[in-house]
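Taking it in order: structure first as structure tokens, then the write-up.
The values are calculated or read from the model by the stated rules, or taken from the named source; none is laboratory data. Remember, predicted model here, so these are calculated numbers, not experimental data. Note: ideal-geometry Cβ built from the backbone for every residue, glycine included; neighbour counts use all protein chains shown.
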Amino acid sequence: MGSVLQGYGLEEADFRGDRFADHPSDLKGNNDLLSLTRPDIIEEVHGRYFAAGADIVETNTFSSTSIGQADYALESIVTDLNTAAVACARRAAETAEKVTPGRRCFVAGAIGPLNRTLSMSPDVNRPDFRAVTWAQVVAAYAEQVRALVAAGVDALLVETIFDTLNAKAALFAIDTVLAEMDKPLPVMISVTITDASGRTLSGQTINAFYNSIRHAKPFSVGINCALGAQEMRPYLEELSAIAECYVSCYPNAGLPNAFGGYDETPEHMAHDLSDFAAAGFVNLVGGCCGSTPEHIAAIAAAVKGRTVRSIPERSPHLQLSGLEPLIVA
């Protein structure tokens, strides 16, 4: 979404619209706000991805929590943001379905990782300090989830996870809200491995991470962002061998270059994801940062007809985790 939006040359006025014309803070860069102020563009972007062959698009809600919107003094509009974002994606899905009768297009409610973390202190001199509490994170996620579900998403996607404790707060909020609303929905989970260490930013290996969220019984678990497909391969292979659910992978279009852009071509990215499919590592594939509709079209063509990954039987062993996994056989 962000990469494509850059091509529209949007200015401060686009982010403000009429509703926020007199807002005291700068708003340019708050892409989630465009679901309210430029819904035509957000719907168009979703439509371009559906036209390229995507079966699922994420709502434009990566930062649509009270914690995320606090940077812009817009905590009060969280419900409006999520409701509008789902409407944009849903209209695009319905249009795509009309173009190809019999096609199903799905909308996943995107739930981002927050800009504050429960596992780490932002102050190196105060390792015990946290900028946010568990209760605050749960409340922020619950508000977002409630709005996404009420607006009609097909699934919830907790993504780009770098702090597992934040993710567990999101999963707790989801479980609470879905029970409260009596609305069961598939829950998708996607972690980000930050570098060649094979660990999340908060220090967990991929196996330890899976053990940490296994109790949620997700529809899918996977890896996205941070790395290109080639760099993800060993971690995806490890996850595929242990995950008792579907496995997803949506990498960046390569690693960021010196200017913050992404250089990996659609053909190269499609080749790597096709390789993952051929190896039996994945059930769902897509693209994260830098992935344009052209990338998605190439990926869709490359994996069409591939045999999907088989889900292994659920392990009977006790599986625990800290930074490393502990399996009691």
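Here are a few things to note about the model shown:
- Test for Gly198: is it surrounded by fewer than 23 Cβ atoms within 10 Å (Cβ to Cβ), in contact with a Ser or Thr (Cβ under 7 Å, 6 or more places away or on another chain), farther than 27 Å from Ala92 by Cβ and among the small types (Gly, Ala, Ser): yes
- Test: Arg19 is of a type in the set (D, E, K, R) and in a helix (DSSP H, G or I): no
- The lone exception for Val124 - which of (1) out of contact with any Asp or Glu (no Cβ under 9 Å at 6 or more places or on another chain); (2) modelled with pLDDT of 95 or more it fails: (2)
- Just so you know, in the stretch 276-292 the residues that are more than 27 Å from Gly7 (Cα to Cα) and free of Cβ contacts under 8 Å to residues at least 40 places away in the same chain include one that is nearest to the chain's Cα centre (by Cα), and it is Ala277.
- Members of the stretch 246-268 that are hydrophobic (A, V, I, L, M, F, W, C), closer than 22 Å to Glu58 by Cα and at pLDDT below 95: Ala253, Leu255
- Of the strands (runs of 3 or more DSSP E) lying entirely inside the stretch 172-278, the ones with 2 or more residues being farther than 20 Å from Ala301 by Cα are found at 187-191, 220-224.
- Qualifying position, being free of Cβ contacts under 8 Å to residues at least 24 places away in the same chain and over 15 Å from Asp195 (Cβ atoms), among Gly260, Gly222: Gly260
- Subset of the stretch 221-273 [closer than 19 Å to Gly2 by Cα and acidic (Asp, Glu)]: Asp263, Glu264
- Residues of the stretch 152-170 that are closer than 24 Å to Arg90 by Cβ, out of contact with any Gly (no Cβ under 8 Å at 6 or more places or on another chain) and hydrophobic (A, V, I, L, M, F, W, C): Val158, Ala170.
- Which numbered condition Leu10 misses (of (1) among the aliphatic types (A, V, I, L, M); (2) at pLDDT below 95; (3) not in a helix (DSSP H, G or I)): (2)
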